[in-house]
DNA sequence: CTGAATCCCTGCCGATACTG
DNA sequence: CAGTATCGGCAGGGATTCAG
């Protein structure tokens, strides 16, 4: 057993940023939340976790997502180092979006978010509640 | 090795909600993000991960957080099943805020958020980069 | 096909003042 | 001590239109 700064489960690392007194952009938690920030963001990432996608692939997969928000999100994710944008020469213009290595590392993060939410709100037909939290299936 | 729905690391569970096409409140990821939603929320949770706190304890720990937002956040977290509010009889009024069991389970979630953010943006004086991602210390 | 520009409306959050 | 009431500024995001 390793010792802990306080007697509580799952403490945060002993980093100066673990003691900040306001939500600064330096805090690693804020960095991640900034990358995931905004509506639709996690769904775009989920699509890209399944493989590369073109702009219209994403539009087709998320029909209610408007062009403005989609390009906003993609720009935000590129900026955050989550997504890579690859334009191919020729006509018509073809662009592929893919996760960077950092982007793939968001998989476990989304998994953690999923797990907590799945436990908190039971799927609740009442019958088959055991499979929803299975890690991979 | 368990098999996977797609050949990518850290797939999501095979749940119908993993295929939603819009950000619905049913999605476990959305549930968790809703619990964490808004400025200051994670910092309030961090304080409570360190132990029970009174209202003024929280105000003292987060001096730039206004009364309005603090009570908003606490109400939000109570509503989300993360925080429990305990009033003690007598005068002056004494109230203690504590995490519920569900609230404590947010520890690993915040840890996952921390880890990704810590990797993505190096602390980078260049020297001591190995301890920042240590799980507990 | 892949976006960018604009408009407008809503909801967040910060500051201040007040109450049981 | 532990909050609520109110107001104003600003950013987020949806619909539509235009461009390379």
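The values are calculated or read from the model by the stated rules, or taken from the named source; none is laboratory data. Computed from a prediction, not measured in an experiment: that's the story for all the values here. Glycine gets a Cβ as well: all are built from the backbone with ideal geometry, and neighbour counts include every protein chain shown.
Worth a mention:
- Count of region A:48-76 residues, restricted to those that are assigned to a helix (DSSP H, G or I) and away from DNA strand D (no atom under 12 Å from the Cβ), is 7.
- Inter-residue pairs, beta-carbon under 8 Å, first under 16 Å from residue B:96 (Cα atoms) and in region B:59-70, second within 7 Å of DNA strand D (Cβ to nearest atom), 6+ apart: B:59/B:67; B:70/B:55
- Among the candidates B:31, B:45, the residue that is more than 9 Å from chain A (Cβ to nearest Cβ) and away from DNA strand D (no atom under 12 Å from the Cβ) is uniquely B:45.
- Contact map, region B:89-114: first residue within 16 Å of DNA strand D (Cβ to nearest atom), second residue part of a helix (DSSP H, G or I), Cβ cut-off under 6 Å, separation 6 or more or different chains; pairs are B:95/B:55; B:99/B:48.
- Output for region A:74-88, where each listed residue is in contact (Cβ under 8 Å) with a residue 12 or more places away in the chain and either more than 7 Å from every other protein chain (Cβ to nearest Cβ) or buried (at least 17 other Cβ atoms within 10 Å of the Cβ) (or both): A:74, A:76, A:77, A:80, A:82, A:83, A:84, A:85, A:86
- Scanning region A:26-37 finds one or more residues that are assigned to a loop (DSSP other than H, G, I, E, B), over 18 Å from residue B:30 (Cα atoms) and either at pLDDT below 95 or touching a helix residue (DSSP H, G or I) at 6+ places or on another chain (Cβ under 7 Å) (or both).
- Of the numbered criteria (1) outside any loop (DSSP other than H, G, I, E, B); (2) out of contact with any strand residue (DSSP E or B) (no Cβ under 7 Å at 6 or more places or on another chain); (3) within 18 Å of residue A:22 (Cβ to Cβ), the one residue B:109 fails is (3).
- Of all residues in region B:51-63, none satisfies being touching a helix residue (DSSP H, G or I) at 6+ places or on another chain (Cβ under 8 Å), exposed (fewer than 14 other Cβ atoms within 10 Å of the Cβ) and modelled with pLDDT of 95 or more.
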